[in-house]
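Engineer: A single structure is presented below for examination.
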Amino acid sequence: MTFFSKLFSKTAPTMVEQTTSTDQMMATVPQVDRSIFLEERDPSFLISSQETPIKKAPKGILEDLKSEDYYGMGKRDGYDDHELTLMEMHVDIIASRFKEVFHKALEDIEERIAMMGMYLTPEFEAAMPEQHELVHTKHDLLVKQRRELSLQLDLAVTGEGYIEKSVRYYKAGFRKGMALHLEEKVLFHKPKFQ
């Protein structure tokens, strides 16, 4: 044999030994449980059991008022009532609902500011400076919220501020409802003599 034939040649007995040693190894290796790799349950069962429902924070009264369908309300009122004076009365009602919410929120903020005022003393600051700073920061935030709500309360009288979008949607809906009423009753009404 030449050098290359010795290097690249394979002998038959070695192959047989490797095959038998592989068979022996397979026999001694423990079998892997099939359930590790295969899932025989319904996938929707697995997904629903793993996911925990995310709890939404409760919406505030202002968010409830802002999320109402003012366009639909206006359209319905415009079709039924079809008088512009009634539209202004309904806009005033919407504004009064918002103002009522603003008043309640201002009362709540005033109570919380008064309660925090008890802790904004020099004695409390000397004894617990970190907590005093937290209370002071929260107090300042509430004062800013009170100022913003007072401004929104003043703007609500003129239909502006937070309520502006709601008022505009209501007026647009009212005009659309009134237009539908006019189209139905006036434009497409057939005279009796035909």
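Engineer: Order Glu107, Glu148, most accessible first, counting only protein heavy atoms with a 1.4 angstrom probe.
Structural biologist: Result, largest first: Glu107, Glu148.
Engineer: Give the shape of the stretch 61-184 as rounded, prolate or oblate, defined through the alpha-carbon gyration tensor: a ≥ b ≥ c are the square roots of its eigenvalues, a/c under 1.5 means rounded, and otherwise the shape is prolate if a/b is larger than b/c and oblate if not.
Structural biologist: Note, shape of the stretch 61-184 comes out prolate.
Engineer: Checking the table Lys66/Lys104; Lys99/Lys171; Lys138/Lys165; Lys66/Lys185 against a 21 Å threshold on Cα-Cα, which pairs fail?
Structural biologist: From the list (Lys66/Lys104; Lys99/Lys171; Lys138/Lys165; Lys66/Lys185), the Cα-Cα distance tops 21 Å for Lys138/Lys165; Lys66/Lys185.
Engineer: Determine how large the accessible area of Arg76 is when every protein chain is in place; take a 1.4 Å probe and give Å² rounded to the nearest 10.
Structural biologist: 130
Engineer: For Thr121, tell me the accessible area in Å² from a 1.4 Å probe, rounded to the nearest 10.
Structural biologist: 40
The values are calculated or read from the model by the stated rules, or taken from the named source; none is laboratory data. These numbers were taken from a predicted model, which means no experiment stands behind them. Surface accessibility is based on the protein's heavy atoms, side chains included, excluding ligands, DNA and RNA. Shrake-Rupley method; radii C 1.70, N 1.55, O 1.52, S 1.80 Å.
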